[in-house]
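Heads up, the thing below is written out as structure tokens.
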Amino acid sequence: MQGWVKLHRKILHSEIFDNEKMLKIFIYCLTKSSHKQAEARVGRQKVQLKPGEFIFGRKKAASELNMNESTVRDYLKILQEDGVITTYSTNKYSVISVDNWAIYQSNEEQYDNKETTNNQQKDSTLPSEGQQKDTYKNEQELKEVKNVKEYITTSTISGQANSEAIQFYQNNFGVIRPQISEEIISWIEEIGDLLTMEAMKRSVDRNKLSWGYVKSILQSWVHKGIQTIDQAKAEEVEYKKNQQQNRRDSFSKRSNNQEILPEWFKTREQQSKDKDPKKQPSLEEVARIIDLGIKLKKAPEYILDVNRYGYDLSSKDIKAIHEGSISAIEALQSKSELRVVGDP
């Protein structure tokens with residue numbers, strides 16, 4: 001589609017201009033609209049379009065606007081509720097009509113062009129007063145459109161640049177894509193610039209330099225009802241505490257699994273097969289088994305399996321060893337059913 005559309009300066013004072021996404025979608029509707037009676041084809045069907053109307057497809061619009069489909073849908077709904085556009089749909093296509101198209105795009109240029117043609121016919125040598133007027137008017141209108149475009153672009157960039165969160169992202173994450181910029185601005189509008197930037201700081205601290213990770217933090221805060229920096233800091237303290245506890249639990253579990261036990265202590269079945277007195281562990285080795293069992297927080301009945309080697313320990317003995325009131329060797333010596341070498 002070629003040509004250009006008019007954009008009145010009054011838009012600077014409208015609610016549409018105050019919302020960057022809504023302004024973008026409104027201008028999109030203006031530029032997509034047909035400026036005269038036209039015929040469009042959707043599949044095999046011909047659709048008659050009036051001035052100010054165009055065939056609309058949400059996926060295509062989202063792609064051309066570089067927005068999410070849901071964002072385009074929501075802002076079109078707002079424009080429709082405010083009486084700016086009208087949408088009607090069939091089972092195959094939708095048509096959007098800019099309600100005040102005739103007001104936005106007056107047809108004065110048709111009269112001026114006609115006057116210019118008549119003047120050209122009267123005098124093809126020198127530019128007529130009408131031609132000069134048309135030339136001046138066209139230049140002024142083009143200048144106005146250019147100025148409005150530059151103002152909108154400058155305002156958008158300036159608004160983003162003034163955001164500390166945007167600047168922080170560019171300084172720490174890299175070049176910011178338009179889609180991410182829009183999402184950051186949406187989060188700023190929802191929870192504020194400081195909280196949005198705080199989530200980015202968390203991402204940097206955890207060496208997770210991705211916008212997806214930042215969003216996961218923000219979504220978690222919304223879910224938990226976090227609305228202030230103090231609440232976010234308290235949540236971070238709790239997060240680190242849980243991380244430390246998880247690491248301790250994981251280390252303890254690995255230690256239990258990786259502790260090297262004597263071969264004759266691994267299974268009771270294997271130990272029961274060892275009947276040869278020459279292969280019986282010494283008193284010191286049995287004492288180490290008991291100490292190891294207590295260290296690993298084994299159940300008393302599990303430790304008492306050492307009685308198979310000729311001792312008569314009880315749960316009270318194991319408790320006394322655990323409390324340090326007696327050593328394992330002393331307990332074994334007092335309960336030993338074996339005759340110590342050299343005793344009569």
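The values are calculated or read from the model by the stated rules, or taken from the named source; none is laboratory data. Everything numeric in this text was worked out from a predicted model, so none of it was measured. With ideal geometry, Cβ positions are generated from the backbone for all residues, glycine too; neighbour counts draw on all protein chains shown.
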- Query: How many of the residues in segment 23-67 are closer than 15 Å to Leu79 by Cβ and of a type outside the set (A, V, I, L, M, F, W, C)?
  - Reply: 8
- Message: Looking at segment 115-122, can you tell me whether even one residue there is modelled with pLDDT of 75 or more, surrounded by 11 or more Cβ atoms within 10 Å (Cβ to Cβ) and outside any strand (DSSP E or B)?
- Response: no
- Quick one: which residue in Lys149, Lys59 is modelled with pLDDT under 50, within 29 Å of Ser186 (Cβ to Cβ) and within 32 Å of the chain's Cα centre (by Cα)? Lys149
- Note on the structure: segment 1-65: helices (runs of 4 or more DSSP H) wholly inside it with 2 or more residues that are under 27 Å from Asn91 (Cβ atoms) are 20-32, 58-65
- Task: With respect to Arg206, determine if the residue is charged (D, E, K, R) and farther than 22 Å from Lys21 by Cα.
- Result: yes
- Message: As an exercise: evaluate Ile85 against (1) at pLDDT 90 or above; (2) under 30 Å from the mean Cα position of the chain (by Cα) and give the number of the one condition it does not meet.
- Response: (2)
- Message: Please go through (1) modelled with pLDDT under 85; (2) exposed (fewer than 14 other Cβ atoms within 10 Å of the Cβ); (3) within 17 Å of Thr71 (Cβ to Cβ) for Glu189 and return the number of the only condition it doesn't satisfy.
- Response: (1)
- Taking segment 66-82 on its own, how many of its residues are part of a helix (DSSP H, G or I) and either in contact (Cβ under 8 Å) with a residue 40 or more places away in the chain or within 19 Å of the chain's Cα centre (by Cα) (or both)? 8
- Message: Just to be sure before I move on: is Ile27 surrounded by 14 or more Cβ atoms within 10 Å (Cβ to Cβ), in contact with a strand residue (DSSP E or B) (Cβ under 8 Å, 6 or more places away or on another chain) and at pLDDT 90 or above in the structure I sent?
- Response: no
